[in-house]
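Here's the structure we're looking at; comments come further down.
The values are calculated or read from the model by the stated rules, or taken from the named source; none is laboratory data. Because the structure is a prediction, the values reported are computed rather than measured. Ideal geometry is used to build each Cβ from the backbone, glycine not excepted, and the neighbour counts take in all protein chains shown.
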Amino acid sequence: MKKILVTGGAGFIGSTLVSVLSNTGRYSLTVIDNLSTGKIDNIKNILNVNFVKCDVNRFDDVSGVFYSSRFDYVFHFAAVVGVQRTLANPVSVLEDIEGIRNILLLSKNTGVRKIFFASSSEVYGEPVSLPQHEYSTPLNSRLPYAIVKNVGEAYCRSFYREYGLKYQILRFFNTYGPRQSSDFVVSRFLSAALNGTDITIFGDGSQTRTFCFIDDNIDCIVKLICDEQLSYETVNIGSDICVTILELARLVIKLTGSTSRVIHLEALKEGDMSRRQPDNQIMMQILDRPLVSLESGLGRILTSWTQIPQH
């Protein structure tokens, strides 16, 4: 049975991955998380998962986990995330570089077969061309969060070249789903609509995003684990269908039958890129199926929230 470590595994994407892997019965799973944004509730009902509360940015905290378990695969998802949170805490964001180095060093020293690094669409910055391709689009963002992700990607390449540590970079575009924190746009809009409160948008709402339902994200990752022949260095993980933030708000209001109003706030001074759109051809080849539509994905969240009233 292969041993897998997921850092940040009590977060949205990490906990969903752990849940899916647990259901296969093929893996021994360990989650580490400092619970600064992750929630223990996300993993408490998942069977056969070992949870360790620790901070990957502290070598002494995390080293014992590696040396006691000798993992086959490591998913490094732990990070300070969210536009507002990363803008408000730029020094904390930069401290995540230490965590990246710790995870790679310990993976190399304990014989990890491959590390999967959670990068971000933020590394592309403002688009110079669309769609944004893994290997030909410049990485030009100057924001601390994006710089840290770019540094993480460089660390992965460097550890492979010098030590032979295999890796895959997962560049996540906007992913949404039932467990997502309420300070991300889809969850925030849905919560506001269900409560009948104003839906607030920064600027005129013309900025576009692409929204990937969590099942599509996780299915792609699981296939990358299961098939060693899928040896792409970097994979954009996201939908390629562009939606304006204003269109998203109106769709949420329609699906919920809400009386919420859309209120426009002053545009953010930084961090709110005008457009994002991945070239997701590699992802689509891996999945070999259509993606979940935005309307269907929002409906699944609403059904889940109705069954488990926690929002």
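Just a few scattered comments:
- Lone qualifier among Val62, Val20, Val52 - being surrounded by fewer than 19 Cβ atoms within 10 Å (Cβ to Cβ) and in a helix (DSSP H, G or I): Val20
- From Ile282, Ile253, residue being touching a Phe, Trp or Tyr at 6+ places or on another chain (Cβ under 8 Å), in a helix (DSSP H, G or I) and touching a residue at least 40 places away in the same chain (Cβ under 8 Å): Ile282
To keep it simple, each residue is scored yes or no on (1) assigned by TED's automatic domain parsing to the domain that holds Met283; (2) under 23 Å from Met273 (Cα atoms); (3) assigned to a helix (DSSP H, G or I).
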{"residue": "Leu194", "(1), (2), (3)": "yes, no, yes"}
{"residue": "Ile201", "(1), (2), (3)": "yes, yes, no"}
{"residue": "Asp204", "(1), (2), (3)": "yes, yes, no"}
{"residue": "Asp219", "(1), (2), (3)": "no, no, yes"}
{"residue": "Ile225", "(1), (2), (3)": "no, no, yes"}
{"residue": "Leu230", "(1), (2), (3)": "no, no, no"}
{"residue": "Leu246", "(1), (2), (3)": "yes, yes, yes"}
{"residue": "Ala249", "(1), (2), (3)": "yes, yes, yes"}
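- Hey, Leu291 part of a loop (DSSP other than H, G, I, E, B), of a type in the set (A, V, I, L, M, F, W, C) and within 26 Å of Leu170 (Cβ to Cβ) or not: yes
- Of all residues in the stretch 165-191 being assigned to a helix (DSSP H, G or I) and not hydroxyl-bearing (Ser, Thr, Tyr), the one that is surrounded by the most Cβ atoms within 10 Å (Cβ to Cβ): Phe189
- Residue within the stretch 17-30 that is more than 17 Å from Tyr167 (Cβ to Cβ) and charged (D, E, K, R) present: yes
- Qualifying residue in the stretch 79-89 (condition: touching a residue at least 24 places away in the same chain (Cβ under 8 Å), over 30 Å from Asp272 (Cα atoms) and surrounded by fewer than 22 Cβ atoms within 10 Å (Cβ to Cβ)): no
- Residue, nearest to Glu266 (Cα to Cα), within the stretch 192-233, restricted to residues that are of a type in the set (S, T, N, Q) and surrounded by 17 or more Cβ atoms within 10 Å (Cβ to Cβ): Gln207
- Of residues in the stretch 134-192 being modelled with pLDDT under 95 and among the small types (Gly, Ala, Ser), the one farthest from Phe211 (Cα to Cα): Ser136
- Filtered residue count, the stretch 100-131, keeping only those that are in contact (Cβ under 8 Å) with a residue 60 or more places away in the chain, under 18 Å from Arg157 (Cβ atoms) and of a type in the set (Gly, Ala, Ser): 2
- Residue match in the stretch 57-80 (condition: within 24 Å of Tyr176 (Cβ to Cβ), hydroxyl-bearing (Ser, Thr, Tyr) and in contact with a helix residue (DSSP H, G or I) (Cβ under 8 Å, 6 or more places away or on another chain)): no
- Selection of the stretch 65-90 for residues being assigned to a loop (DSSP other than H, G, I, E, B) and not basic (Lys, Arg) yields Phe71, Asp72, Phe77, Ala78, Ala79, Val80, Val81, Gly82, Asn89.
- For the stretch 234-248, a residue qualifies if it is crowded, with 17+ Cβ neighbours inside 10 Å and of a type outside the set (A, V, I, L, M), and the qualifying residues are Thr234, Asn236, Gly238, Ser239, Asp240.
- Members of the stretch 249-293 that are crowded, with 19+ Cβ neighbours inside 10 Å, closer than 27 Å to Tyr232 by Cα and aliphatic (A, V, I, L, M): Met273, Ile282, Met283, Ile286, Leu291, Val292
- Taken over the stretch 23-42, the residue count meeting the criterion of being within 17 Å of Asp215 (Cα to Cα) and in a loop (DSSP other than H, G, I, E, B) is 0.
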